[in-house]
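Below is one structure, written out as structure tokens, with a few remarks after it.
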Amino acid sequence: MIDGAVHDLLLESAQKALETMFFASPDTVSTEPRRPAGELIAASLTFRGTPPGRFGLIVSDLFARTLAANFIGCDDPASLLPAQVAGVMGELANMMCGAVLSEMESDVNFDLSAPESIHVGADEPGPDFSAGSPSICRFEFSEGALVSFLMFKEPV
């Protein structure tokens, strides 16, 4: 599948998940890979199938709390434990990746790993998207940004 089509699927799947499951609609969308400001939560998973690859996202901590609160139905995002927020971001990664892969190759079975989520300090290096040629979507919201990527493994 061509990169533009993968990017479009990533964009559509992410927006659908954010709007229907997290009640959030981005102010702007771009392909800018720049890291969101401040503390972050990063979630990623790998998948096997044809083709195999990796999916991930990084999101501003403040916005991740808002998304988690919306998903869980919590009135106070500040009351959520860091592990709760990280777990919900892992679930968001799982939803977005699964949606892209099922639309991309509906007749292929993919095996997705469990998502892994970590907190990244403001001064710590974030996940590296530079390997390969990933499809990247950046979503800007008033509370911060979410950057997602989907990358297929090169044939060996």
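Note that the range 1-126 presents 51 Å² accessible area per residue, ligands and nucleic acids not counted, probe 1.4 Å. Compute the separation of the alpha-carbon centres of the range 35-58 and the range 61-106 and state it in Å as a whole number. Here the answer is 13 Å between Cα centres. List residues of the range 76-119, by number, whose backbone nitrogen lies under 19 Å from a label position 7 Å along Cα→C-beta of T50. Inside the label zone: 101-112.
For the chain, carbon and sulfur atoms together expose 53% of the accessible surface, with a 1.4 angstrom probe and every protein chain in place. I'm spelling it out carefully: the read-out is semi-axes √(5λ) of the Cα gyration tensor in Å, the candidates are [x] 29, 19, 15; [y] 24, 16, 15; [z] 32, 14, 13, and one was derived from this structure. Which label? It is the one labelled [y]. Length gained on full extension, I118 to A83, computed as 0.36 nm times the residue gap minus the Cα-Cα distance: 11.7 nm. For D8, D123, the ranking by accessible surface with the largest value first comes to D123, D8, using a 1.4 Å probe. The angle between the Cα long axis of helix 3-21 and the longest principal axis of the Cα atoms of the chain comes to about 30 degrees, rounded to the nearest 10.
The values are calculated or read from the model by the stated rules, or taken from the named source; none is laboratory data. Worth saying up front: this structure is predicted, and the values here are computed from it rather than measured. Cβ: placed from backbone, ideal geometry, glycine included. Neighbour counts: every protein chain shown. Heads up: the accessible areas ignore ligands, DNA and RNA and are worked out on the full protein's heavy atoms, side chains in. Shrake-Rupley method; radii C 1.70, N 1.55, O 1.52, S 1.80 Å.
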